[in-house]
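Peer 1: This is the structure I have questions about; it appears just below.
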């Protein structure tokens, strides 16, 4: 048994089984569209993006799927966070269509958990790539974010 930062014993973390998978699904709504993240009209900045699933939203769904796969590993006060994403958005999805992201655990890269991620709608695959996550203290994350606030 190893110790935590205060010297208290901590049981070794159980490893995630290779090929563990999890999914996350949404029905594409107005807030999920690329056109919804098109600038800041109040500031006079208007970007033209299509009314299809935003790449950022697809990636977010992939992250949720990977986080769900890691949930059994988390101790009280811990969470998993995304560290890297390398994803291709391959096809557009219109509003009203269901999209499902799948994350499959492929192993570790040091302390990082590596996932093969994909997303599909009824027409087929819309995105694919890799995603890495880390397990961290929720309190430490919040404290770090607070230090960045103006």
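The values are calculated or read from the model by the stated rules, or taken from the named source; none is laboratory data. Because the structure is a prediction, the values reported are computed rather than measured. So basically every Cβ, Gly included, is an ideal-geometry build from the backbone, and we count neighbours across all protein chains shown.
Peer 1: What number of residues within segment 40-56 satisfy the criterion of being within 24 Å of residue 86 (Cα to Cα) and either in a loop (DSSP other than H, G, I, E, B) or touching a strand residue (DSSP E or B) at 6+ places or on another chain (Cβ under 8 Å) (or both)?
Peer 2: 7
Peer 1: Go through (1) within 23 Å of residue 32 (Cα to Cα); (2) in contact (Cβ under 8 Å) with a residue 40 or more places away in the chain; (3) in a helix (DSSP H, G or I) and name the single condition residue 141 misses.
Peer 2: Going through (1) within 23 Å of residue 32 (Cα to Cα); (2) in contact (Cβ under 8 Å) with a residue 40 or more places away in the chain; (3) in a helix (DSSP H, G or I) one by one, residue 141 breaks only (1).
Peer 1: Looking at segment 57-79 only, could you name the residues that are assigned to a loop (DSSP other than H, G, I, E, B), on the phi < 0 side of the Ramachandran plot and in contact with a strand residue (DSSP E or B) (Cβ under 9 Å, 6 or more places away or on another chain)?
Peer 2: Hits for segment 57-79 are 74, 75.
Peer 1: Moving on. With respect to residue 21, is the statement that it is under 16 Å from residue 126 (Cβ atoms), surrounded by 14 or more Cβ atoms within 10 Å (Cβ to Cβ) and at pLDDT 95 or above true?
Peer 2: Judged against the criteria, residue 21 is not a match.
Peer 1: Quick check on segment 112-119. Is at least one of its residues within 16 Å of the chain's Cα centre (by Cα), touching a residue at least 60 places away in the same chain (Cβ under 8 Å) and either farther than 13 Å from residue 58 by Cβ or buried (at least 19 other Cβ atoms within 10 Å of the Cβ) (or both)?
Peer 2: Looking for residues that are within 16 Å of the chain's Cα centre (by Cα), touching a residue at least 60 places away in the same chain (Cβ under 8 Å) and either farther than 13 Å from residue 58 by Cβ or buried (at least 19 other Cβ atoms within 10 Å of the Cβ) (or both), one finds at least one in segment 112-119, hence yes.
Peer 1: Oh, and also: Select, from 50, 122, 72, the only residue that is exposed (fewer than 14 other Cβ atoms within 10 Å of the Cβ) and closer than 21 Å to residue 18 by Cβ.
Peer 2: 72
Peer 1: Of all residues in segment 24-39, which are assigned to a loop (DSSP other than H, G, I, E, B) and at pLDDT 80 or above?
Peer 2: If the condition is that a residue be assigned to a loop (DSSP other than H, G, I, E, B) and at pLDDT 80 or above, then 28, 29 are the ones that fit.
Peer 1: Of the residues that make up segment 90-97, is at least one assigned to a strand (DSSP E or B) and buried (at least 16 other Cβ atoms within 10 Å of the Cβ)?
Peer 2: no
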